[in-house]
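The values are calculated or read from the model by the stated rules, or taken from the named source; none is laboratory data. What you see is a predicted model, and the numbers here were worked out from it, not measured in a lab. Don't worry about glycine lacking a Cβ; one is built from the backbone with ideal geometry, like all the others, and counts go over all protein chains shown. The area values use the complete protein model at the heavy-atom level, side chains included, leaving out ligands, DNA and RNA. Shrake-Rupley method; radii C 1.70, N 1.55, O 1.52, S 1.80 Å.
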Amino acid sequence: MQAGLKNAKQHSKLSLPKLVRRAVFILLGAALVSVGLENFLVPNNIIDGGIVGISIITSHLSGIPIGVFLLLFNLPFLFIGYKQIGKTFAFSTLFAVSLMSVGTWLLHPVPPLTTDPLLAAVFGGIILGIGVGMVIRSGGSLDGTEIMAILFSKKTPFSVGEVVMFFNLFILSSAGFVFGWDHAMYSLIAYYIAFKLIDITIEGFDESKSVWIISENSRELGDAILHRLGRGVTYLQGEGGFTGGNKLVIFCVINRLEEAKLKSIVEELDQSAFLAVGNIHDVKGGRFKKKDIH
(Lines give C-alpha, C1' and ligand atoms only; values in the text may rest on other atoms or scores of the structure.)
Protein backbone atom coordinates (compact mmCIF):
# COMPACT_ATOMS: atom_id res chain seq x y z
CA MET A 1 0.00 0.00 0.00
CA GLN A 2 2.76 2.42 0.96
CA ALA A 3 4.71 1.53 -2.18
CA GLY A 4 1.62 2.27 -4.28
CA LEU A 5 1.17 5.66 -2.62
CA LYS A 6 4.84 6.44 -3.12
CA ASN A 7 4.63 5.59 -6.82
CA ALA A 8 1.45 7.65 -7.21
CA LYS A 9 3.15 10.67 -5.68
CA GLN A 10 6.28 10.39 -7.82
CA HIS A 11 6.51 12.75 -10.77
CA SER A 12 6.25 10.78 -14.03
CA LYS A 13 8.99 11.72 -16.45
CA LEU A 14 8.17 12.57 -20.05
CA SER A 15 9.27 10.04 -22.65
CA LEU A 16 11.93 11.17 -25.13
CA PRO A 17 9.49 11.53 -28.11
CA LYS A 18 7.12 13.65 -26.01
CA LEU A 19 10.01 15.73 -24.70
CA VAL A 20 11.30 16.35 -28.23
CA ARG A 21 7.80 17.22 -29.45
CA ARG A 22 7.33 19.68 -26.60
CA ALA A 23 10.73 21.29 -27.26
CA VAL A 24 10.00 21.64 -31.00
CA PHE A 25 6.64 23.31 -30.43
CA ILE A 26 8.07 25.64 -27.80
CA LEU A 27 10.87 26.52 -30.23
CA LEU A 28 8.39 27.26 -33.03
CA GLY A 29 6.14 29.25 -30.69
CA ALA A 30 9.02 31.36 -29.35
CA ALA A 31 10.26 31.96 -32.91
CA LEU A 32 6.82 33.19 -34.00
CA VAL A 33 6.61 35.52 -31.00
CA SER A 34 10.06 36.92 -31.87
CA VAL A 35 8.94 37.61 -35.44
CA GLY A 36 5.69 39.20 -34.27
CA LEU A 37 7.58 41.51 -31.93
CA GLU A 38 10.67 42.53 -33.92
CA ASN A 39 9.20 42.53 -37.44
CA PHE A 40 5.77 43.99 -36.70
CA LEU A 41 5.00 45.47 -33.27
CA VAL A 42 8.22 46.95 -31.84
CA PRO A 43 9.33 48.91 -34.99
CA ASN A 44 5.86 50.47 -35.18
CA ASN A 45 5.72 51.40 -31.46
CA ILE A 46 2.87 48.96 -30.81
CA ILE A 47 2.86 46.96 -27.58
CA ASP A 48 1.21 43.87 -26.19
CA GLY A 49 0.00 43.31 -22.65
CA GLY A 50 1.87 41.77 -19.74
CA ILE A 51 5.63 41.51 -19.36
CA VAL A 52 6.04 41.85 -23.14
CA GLY A 53 4.39 45.27 -23.05
CA ILE A 54 6.52 46.44 -20.13
CA SER A 55 9.63 45.18 -21.93
CA ILE A 56 8.76 47.08 -25.12
CA ILE A 57 8.22 50.34 -23.22
CA THR A 58 11.39 49.90 -21.12
CA SER A 59 13.43 49.02 -24.20
CA HIS A 60 12.14 52.14 -26.00
CA LEU A 61 12.98 54.43 -23.08
CA SER A 62 16.40 52.92 -22.36
CA GLY A 63 17.62 51.98 -25.82
CA ILE A 64 18.55 48.49 -24.55
CA PRO A 65 17.39 45.54 -26.73
CA ILE A 66 14.00 44.14 -25.73
CA GLY A 67 15.36 40.62 -25.30
CA VAL A 68 17.28 41.67 -22.18
CA PHE A 69 14.12 42.85 -20.43
CA LEU A 70 12.02 39.90 -21.60
CA LEU A 71 14.40 37.58 -19.77
CA LEU A 72 15.10 39.88 -16.81
CA PHE A 73 11.45 40.70 -16.00
CA ASN A 74 10.34 37.07 -16.32
CA LEU A 75 13.00 35.61 -14.01
CA PRO A 76 11.15 36.35 -10.72
CA PHE A 77 8.01 34.72 -12.10
CA LEU A 78 9.98 31.64 -13.13
CA PHE A 79 10.89 31.12 -9.48
CA ILE A 80 7.29 31.69 -8.39
CA GLY A 81 6.06 29.34 -11.13
CA TYR A 82 8.45 26.67 -9.90
CA LYS A 83 6.97 26.95 -6.40
CA GLN A 84 3.33 27.31 -7.43
CA ILE A 85 2.97 25.10 -10.52
CA GLY A 86 5.97 22.80 -10.73
CA LYS A 87 9.42 22.05 -12.09
CA THR A 88 8.29 21.01 -15.59
CA PHE A 89 6.39 24.26 -16.08
CA ALA A 90 9.31 26.35 -14.80
CA PHE A 91 11.88 24.70 -17.07
CA SER A 92 9.56 24.83 -20.09
CA THR A 93 8.98 28.53 -19.41
CA LEU A 94 12.69 29.23 -18.96
CA PHE A 95 13.41 27.46 -22.26
CA ALA A 96 10.66 29.43 -24.05
CA VAL A 97 11.63 32.83 -22.61
CA SER A 98 15.31 32.24 -23.38
CA LEU A 99 14.51 31.34 -26.98
CA MET A 100 12.27 34.38 -27.32
CA SER A 101 14.98 36.67 -25.93
CA VAL A 102 17.61 35.26 -28.31
CA GLY A 103 15.14 35.40 -31.19
CA THR A 104 14.36 39.08 -30.70
CA TRP A 105 18.09 39.83 -30.45
CA LEU A 106 18.80 38.03 -33.74
CA LEU A 107 15.87 39.67 -35.54
CA HIS A 108 16.51 43.19 -34.22
CA PRO A 109 18.68 44.25 -37.22
CA VAL A 110 16.08 42.91 -39.70
CA PRO A 111 13.88 45.67 -41.23
CA PRO A 112 10.16 45.54 -40.33
CA LEU A 113 7.90 43.76 -42.80
CA THR A 114 5.49 46.70 -42.79
CA THR A 115 5.47 50.29 -41.57
CA ASP A 116 1.67 50.56 -41.69
CA PRO A 117 0.60 50.54 -38.02
CA LEU A 118 -2.77 48.90 -38.73
CA LEU A 119 -1.20 46.06 -40.72
CA ALA A 120 1.48 45.71 -38.04
CA ALA A 121 -1.17 45.51 -35.30
CA VAL A 122 -3.27 42.92 -37.16
CA PHE A 123 -0.54 40.62 -38.44
CA GLY A 124 1.71 41.14 -35.41
CA GLY A 125 -1.21 40.20 -33.15
CA ILE A 126 -1.97 37.09 -35.22
CA ILE A 127 1.62 35.84 -35.23
CA LEU A 128 2.13 36.69 -31.56
CA GLY A 129 -1.10 34.96 -30.51
CA ILE A 130 -0.32 31.76 -32.40
CA GLY A 131 3.21 31.67 -30.95
CA VAL A 132 2.10 32.24 -27.36
CA GLY A 133 -0.69 29.67 -27.79
CA MET A 134 1.78 27.04 -29.03
CA VAL A 135 4.02 27.59 -26.01
CA ILE A 136 1.12 27.43 -23.53
CA ARG A 137 -0.26 24.31 -25.22
CA SER A 138 3.18 22.73 -24.82
CA GLY A 139 3.20 23.33 -21.07
CA GLY A 140 5.19 26.57 -20.84
CA SER A 141 4.59 30.31 -20.71
CA LEU A 142 6.10 33.50 -22.13
CA ASP A 143 4.65 35.94 -19.65
CA GLY A 144 4.64 36.02 -15.85
CA THR A 145 1.46 38.11 -15.62
CA GLU A 146 -0.85 35.18 -14.91
CA ILE A 147 1.48 33.78 -12.24
CA MET A 148 1.45 37.20 -10.57
CA ALA A 149 -2.35 37.32 -10.91
CA ILE A 150 -2.66 33.96 -9.12
CA LEU A 151 -0.76 35.36 -6.12
CA PHE A 152 -2.77 38.61 -6.08
CA SER A 153 -6.08 36.76 -6.32
CA LYS A 154 -5.25 34.82 -3.13
CA LYS A 155 -4.82 38.04 -1.15
CA THR A 156 -7.49 40.22 -2.79
CA PRO A 157 -11.18 39.79 -3.65
CA PHE A 158 -10.36 39.90 -7.39
CA SER A 159 -10.24 36.86 -9.67
CA VAL A 160 -7.20 35.90 -11.76
CA GLY A 161 -8.89 37.18 -14.92
CA GLU A 162 -9.73 40.52 -13.31
CA VAL A 163 -6.16 41.03 -12.08
CA VAL A 164 -4.77 40.25 -15.56
CA MET A 165 -7.28 42.65 -17.13
CA PHE A 166 -6.43 45.53 -14.75
CA PHE A 167 -2.71 44.95 -15.18
CA ASN A 168 -2.94 44.93 -18.97
CA LEU A 169 -5.20 47.98 -19.09
CA PHE A 170 -2.57 49.86 -17.07
CA ILE A 171 0.22 48.75 -19.45
CA LEU A 172 -1.75 49.54 -22.61
CA SER A 173 -2.73 52.94 -21.21
CA SER A 174 0.94 53.63 -20.50
CA ALA A 175 1.61 53.23 -24.23
CA GLY A 176 -0.47 56.35 -24.80
CA PHE A 177 1.92 58.46 -22.74
CA VAL A 178 5.06 56.92 -24.24
CA PHE A 179 4.14 56.40 -27.92
CA GLY A 180 1.02 58.56 -28.36
CA TRP A 181 -2.66 57.68 -28.09
CA ASP A 182 -3.00 56.54 -31.69
CA HIS A 183 -0.35 53.88 -31.05
CA ALA A 184 -2.12 52.95 -27.81
CA MET A 185 -5.28 52.27 -29.82
CA TYR A 186 -3.33 50.17 -32.32
CA SER A 187 -1.90 48.32 -29.32
CA LEU A 188 -5.43 47.51 -28.16
CA ILE A 189 -6.17 46.02 -31.59
CA ALA A 190 -3.00 43.91 -31.48
CA TYR A 191 -3.74 42.79 -27.91
CA TYR A 192 -7.31 41.74 -28.74
CA ILE A 193 -6.25 39.80 -31.84
CA ALA A 194 -3.43 38.08 -29.97
CA PHE A 195 -5.81 37.21 -27.11
CA LYS A 196 -8.29 35.55 -29.49
CA LEU A 197 -5.58 33.70 -31.43
CA ILE A 198 -4.12 32.34 -28.17
CA ASP A 199 -7.52 30.80 -27.35
CA ILE A 200 -7.93 29.36 -30.85
CA THR A 201 -4.42 27.89 -30.83
CA ILE A 202 -4.85 26.30 -27.40
CA GLU A 203 -8.36 24.96 -27.97
CA GLY A 204 -8.06 24.24 -31.71
CA PHE A 205 -10.54 24.90 -34.49
CA ASP A 206 -12.22 21.54 -34.02
CA GLU A 207 -14.06 22.56 -30.88
CA SER A 208 -15.97 19.73 -29.20
CA LYS A 209 -19.41 19.95 -27.63
CA SER A 210 -21.02 17.93 -24.88
CA VAL A 211 -24.65 16.93 -25.39
CA TRP A 212 -27.18 15.93 -22.73
CA ILE A 213 -30.58 14.59 -23.81
CA ILE A 214 -33.51 13.58 -21.62
CA SER A 215 -36.27 11.84 -23.55
CA GLU A 216 -38.97 9.22 -23.25
CA ASN A 217 -37.39 7.62 -26.35
CA SER A 218 -33.80 7.58 -25.08
CA ARG A 219 -32.89 4.19 -26.55
CA GLU A 220 -34.24 5.09 -29.97
CA LEU A 221 -32.45 8.44 -29.92
CA GLY A 222 -29.20 6.82 -28.77
CA ASP A 223 -29.33 4.27 -31.60
CA ALA A 224 -29.98 7.04 -34.14
CA ILE A 225 -27.00 9.09 -32.89
CA LEU A 226 -24.82 5.99 -32.98
CA HIS A 227 -25.75 4.88 -36.50
CA ARG A 228 -26.72 8.12 -38.27
CA LEU A 229 -24.13 10.43 -36.70
CA GLY A 230 -21.42 7.88 -35.96
CA ARG A 231 -20.96 9.00 -32.36
CA GLY A 232 -20.94 6.77 -29.30
CA VAL A 233 -23.40 7.51 -26.50
CA THR A 234 -23.50 6.83 -22.76
CA TYR A 235 -26.73 6.20 -20.87
CA LEU A 236 -26.97 7.64 -17.36
CA GLN A 237 -29.64 6.92 -14.77
CA GLY A 238 -31.43 10.07 -13.63
CA GLU A 239 -34.39 11.01 -11.47
CA GLY A 240 -36.91 13.75 -12.22
CA GLY A 241 -36.91 16.52 -9.62
CA PHE A 242 -40.65 17.23 -9.93
CA THR A 243 -42.05 13.81 -10.78
CA GLY A 244 -39.53 11.61 -9.00
CA GLY A 245 -39.67 9.25 -11.96
CA ASN A 246 -36.62 7.48 -13.38
CA LYS A 247 -35.07 9.01 -16.47
CA LEU A 248 -32.55 7.62 -18.93
CA VAL A 249 -30.14 10.47 -19.79
CA ILE A 250 -28.09 10.36 -23.00
CA PHE A 251 -24.59 11.85 -22.94
CA CYS A 252 -22.37 12.16 -26.01
CA VAL A 253 -19.61 14.33 -27.44
CA ILE A 254 -19.75 15.80 -30.95
CA ASN A 255 -17.93 18.51 -32.91
CA ARG A 256 -19.58 21.79 -33.82
CA LEU A 257 -20.21 20.75 -37.43
CA GLU A 258 -22.40 17.87 -36.22
CA GLU A 259 -24.57 19.98 -33.91
CA ALA A 260 -27.21 20.84 -36.52
CA LYS A 261 -27.61 17.21 -37.60
CA LEU A 262 -27.92 16.02 -34.01
CA LYS A 263 -30.62 18.59 -33.30
CA SER A 264 -32.54 17.49 -36.38
CA ILE A 265 -32.36 13.84 -35.20
CA VAL A 266 -33.71 14.81 -31.76
CA GLU A 267 -36.49 16.95 -33.26
CA GLU A 268 -37.45 14.16 -35.65
CA LEU A 269 -37.71 11.44 -32.99
CA ASP A 270 -38.91 13.41 -29.94
CA GLN A 271 -39.86 17.07 -30.23
CA SER A 272 -40.49 17.28 -26.47
CA ALA A 273 -37.03 16.00 -25.55
CA PHE A 274 -34.81 18.12 -23.28
CA LEU A 275 -31.55 18.97 -25.07
CA ALA A 276 -28.53 20.79 -23.60
CA VAL A 277 -25.35 21.53 -25.59
CA GLY A 278 -22.15 22.93 -24.08
CA ASN A 279 -18.62 23.68 -25.23
CA ILE A 280 -15.69 21.44 -24.29
CA HIS A 281 -12.10 22.63 -24.65
CA ASP A 282 -10.39 19.25 -24.52
CA VAL A 283 -11.39 15.61 -25.05
CA LYS A 284 -9.13 12.63 -24.38
CA GLY A 285 -9.60 8.91 -24.04
CA GLY A 286 -12.81 6.93 -24.26
CA ARG A 287 -14.49 6.27 -27.59
CA PHE A 288 -14.63 9.81 -28.91
CA LYS A 289 -13.25 8.76 -32.29
CA LYS A 290 -15.98 8.99 -34.90
CA LYS A 291 -17.29 5.77 -36.45
CA ASP A 292 -17.89 5.41 -40.15
CA ILE A 293 -21.48 6.05 -41.20
CA HIS A 294 -23.01 4.64 -44.35
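For the stretch 28-36, just list the computed ³J(HN,Hα) in residue order, Karplus coefficients 6.51, -1.76 and 1.60, θ = phi - 60°, integers in Hz, with x standing in for Gly and Pro.
Ordered by residue, 3J(HN,Hα) equals 5, x, 5, 5, 5, 4, 4, 5, x Hz.
Roughly speaking, what is the stretch gain from residue 192 to residue 178, that is 0.36 nm per residue apart minus the C-alpha to C-alpha distance, in nm to one decimal? Spell out each step's value before the answer.
Details: separation 14, 0.36 × 14 = 5.04 nm, distance 2.01 nm.
Taking residue 192 through residue 178 to full extension adds about 3.0 nm, to one decimal.
Which ³J(HN,Hα) values, rounded to whole Hz and listed in residue order, are derived for the stretch 216-225 from phi using the Karplus coefficients 6.51, -1.76 and 1.60 in 6.51 cos²θ - 1.76 cosθ + 1.60 with θ = phi - 60°, glycine and proline given as x?
3J(HN,Hα) across the stretch 216-225, in whole Hz: 6, 10, 4, 5, 5, 5, x, 5, 5, 5.
Given 0.36 nm per residue, what is the gain on full extension from residue 20 to residue 152 after removing their alpha carbon distance, in nm?
Gain on extension, residue 20 to residue 152, equals 44.1 nm.
Among 145, 58, 243, what's the order by accessible area (1.4 angstrom probe), most exposed first?
Order by accessible area, largest first: 243, 58, 145.
Dividing the Cα radius of gyration by the Kirkwood radius, what Rg/Rh value follows for the stretch 208-279? Numbers along the way, then the final one.
Values: Rg = 11.6 Å, Rh = 12.2 Å.
Rounded to two decimals, Rg over Rh is 0.95.
Just the accessible area for residue 15, please: 1.4 Å probe, Å², rounded to the nearest 10?
Probe radius 1.4 Å; accessible area of residue 15 about 50 Å².
Over 30 Å between C-alpha atoms is what I'm after, so list which of 155/209; 196/261; 18/196; 87/209 land there.
Correct reply: 155/209; 87/209.
Can you work out the FRET efficiency for the pair residue 61 and residue 279, with r the C-beta to C-beta distance and R0 = 41 Å, to the nearest 0.05?
0.45
Could you please put 62, 215 in sequence from largest to smallest accessible area, using a 1.4 Å probe?
The ranking, largest first, comes out as 62, 215.
When the accessible area of the stretch 208-279 is computed with all protein chains present and a 1.4 Å probe, what percentage of it is carbon and sulfur?
About 50 percent, which is the carbon plus sulfur part of the accessible surface.
About the Cα centre of the stretch 18-203, what is the dipole size in debye to 20, counting +1 per Lys and Arg Cβ and -1 per Asp and Glu Cβ, all else neutral?
The dipole magnitude comes to about 760 debye.
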